[in-house]
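The values are calculated or read from the model by the stated rules, or taken from the named source; none is laboratory data. Keep in mind that what you see is a predicted model, and the values were worked out from it rather than measured. Cβ: placed from backbone, ideal geometry, glycine included. Neighbour counts: every protein chain shown. Just so you know, the surface numbers come from the protein's heavy atoms only, side chains and all, with ligands and any DNA or RNA stripped out. Shrake-Rupley method; radii C 1.70, N 1.55, O 1.52, S 1.80 Å.
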Amino acid sequence: MSDPLDPCRAPDLVLASVRHPGEEICLDVHLRAGAVSAIIPSRRDSSALPAATRVVDLDGRYVIPGLWDEHVHMTQWALASNRLDLSGAGSAREAAAVVGAHMAGDTSAGAGNGAGAPGPIQTLVGVGFRDAIWPDLPSLDLLDGVTRGRPTALISHDLHSVWLNSAAAQQYGVPVDAGGLLREEPAFDLTRELGQLPDAVVDPWVWQAGQAAAARGVVGIVDFEMTWNPDAWLRRISGGFAALRVEAGVYPQDLDRAVAEGLRTGLSVAGAGGLLSVGPLKVLIDGSLNTRTAYCVDPYPNGGHGLLTVSEAELLALLVRARQAGFVPAVHAIGDAANQVALDAFEAAGIAGRVEHAQFVRSEDFARFGRLGVTASVQPAHALDDRDAAEANWPGRTDRSFPLRSLLAAGATLALGSDAPVAPLDPWIAMSAATARARLDGRGPWHAEQALTRQEALTSSSRGRGRLRVGDPADIAVLDGDPLTVSDAEFAAMPVAATLVAGRFTYGG
Ligand SMILES: [Zn+2]
């Protein structure tokens, strides 16, 4: 037994007076060299510690292993977080008022230029307006009147129109009439252009999004941004990003390059201080529920089985290639037929891996996840977002949609995530959806029999750790409440006091 007070083994940091969830006894957690070196009953007297040791008294708060979001599109999330939400506007006039209020309160016209340096004014982008239900019409004048010349482009909820002001029409060289609207192709083109921002703009937004995630107890993300990702993250981390660990996924179109550069899943990327490693190989094989392109055994009510976008032979070849190259496959499969195809391919290729989403699964496939060592990477908030769509499109079969309990009971490993920007990058929202199977809107739970316990949700959000132990990496979240006993509402909005990655505070402290 090593004595934690032995000066040679002295901790760098002591989290004093903390508790495991569900327990009363106060503990001191010693962190040394980025790992948990001891967990001992609290000693109120820290004078025995070397003077250099920092002691942070956490006053009986709760410690859990830091949380992971296993499925994120980080650039898209950062962009979405910097766009103005207009979904609540009931008229063009109200939407303009939201824009005007934002302009009045916004001091970040030059946002994106790093250290507060003045720079070119960024276009304000708004999203989510629904002009089909508005009693009045958008107009160029209305938007010009509230935007003080800052280029402004508002993208409709269905993405089929963009409402511009004069400054944006001029900046992007798109002619608009007095209505200020672009529709269809010109709208799609401008929307694409608005998403292509310089690194100097996007990186600080990613930095902010990382800080916001750390403030929710997140210590790591698996990033499935659909680009060549390792370089972008190395640039950000070299530039000071240190809020999270990042596993950067690779897509099949970049597999040759990744192999040529000697990358494989799990490899720590040099020069990133241990924060960056190569993530899985992401392979999409079907579409989505809401577009009725998820590939399903039974036909949709209005026909068709959805789409299998990669043939079974191609998928098998890709997984064999992944195995040879040292990549863990992460296969996007939403429909039950797609999940069957994915599991068949894992089995035939003789490789373990992950299925991303696993939203709809044949009962006979539940146990195959565990048997084949295929993790179900699931996003519980989608269950509540897609509740009506699932009932409409998978009628009589939703008992095996978002089947978290069935998968776990059959021996599968679950890994929880958000799929941000589809749902917010906040694991408490995901865990709340998984445990309550309900929003706090009084509608009542949906398939409550598929709910996880709080402990299961925490374990599935912390790479199977579930509880802080000696020898773990010092990736820790400190909570104001006991996550096992607080109310559903408090759990969904859990107050996080501090977060540490490798023994270093990324939030609080
Ligand atoms: Zn995704």
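Things to note:
- Scanning the stretch 79-100 for residues that are away from the ligand (no atom under 15 Å from the Cβ) and part of a helix (DSSP H, G or I) yields 81, 92, 93, 94, 95, 96, 97, 98, 99, 100.
- Screening the candidates 401, 418, 406 for the property of being within 16 Å of the ligand (Cβ to nearest atom) and of a type in the set (S, T, N, Q) yields one hit, 418.
- Residue 291 satisfies every condition listed in (1) within 16 Å of the ligand (Cβ to nearest atom); (2) assigned to a helix (DSSP H, G or I) except (2).
- Meeting the requirement of 2 or more residues that are within 20 Å of the chain's Cα centre (by Cα) and closer than 16 Å to residue 449 by Cβ, the helices (runs of 4 or more DSSP H) wholly within the stretch 355-436 are 380-385, 427-436.
- Taking the criterion of being in contact with a strand residue (DSSP E or B) (Cβ under 9 Å, 6 or more places away or on another chain) and surrounded by 21 or more Cβ atoms within 10 Å (Cβ to Cβ), the residues of the stretch 204-215 that qualify are 209, 210, 213, 214.
- Residue match in the stretch 238-253 (condition: touching a residue at least 12 places away in the same chain (Cβ under 8 Å) and assigned to a helix (DSSP H, G or I)): yes
- Residue count for the stretch 216-233, restricted to those that are farther than 16 Å from residue 281 by Cβ and surrounded by fewer than 18 Cβ atoms within 10 Å (Cβ to Cβ): 1.
- Count of the stretch 106-132 residues, restricted to those that are modelled with pLDDT of 75 or more, over 20 Å from residue 195 (Cβ atoms) and open to solvent by 60 Å² or more (accessible area, probe 1.4 Å), is 2.
- Against the test of being at negative phi, in contact with an Asp or Glu (Cβ under 6 Å, 6 or more places away or on another chain) and either surrounded by 19 or more Cβ atoms within 10 Å (Cβ to Cβ) or at pLDDT 95 or above (or both), the options 430, 451, 415, 474 yield a single qualifying residue, 415.
- Residue list for the stretch 344-382, filter: surrounded by 17 or more Cβ atoms within 10 Å (Cβ to Cβ), under 23 Å from residue 264 (Cβ atoms) and charged (D, E, K, R): 354, 356
- Residue 307 falls short of the stated requirement of being modelled with pLDDT under 95, within 22 Å of the chain's Cα centre (by Cα) and either surrounded by fewer than 23 Cβ atoms within 10 Å (Cβ to Cβ) or within 16 Å of the ligand (Cβ to nearest atom) (or both).
- Selected residue (criterion: farthest from the ligand (Cβ to nearest atom)) from residues of the stretch 421-450 that are of a type in the set (A, V, I, L, M, F, W, C) and over 22 Å from residue 216 (Cα atoms): 448
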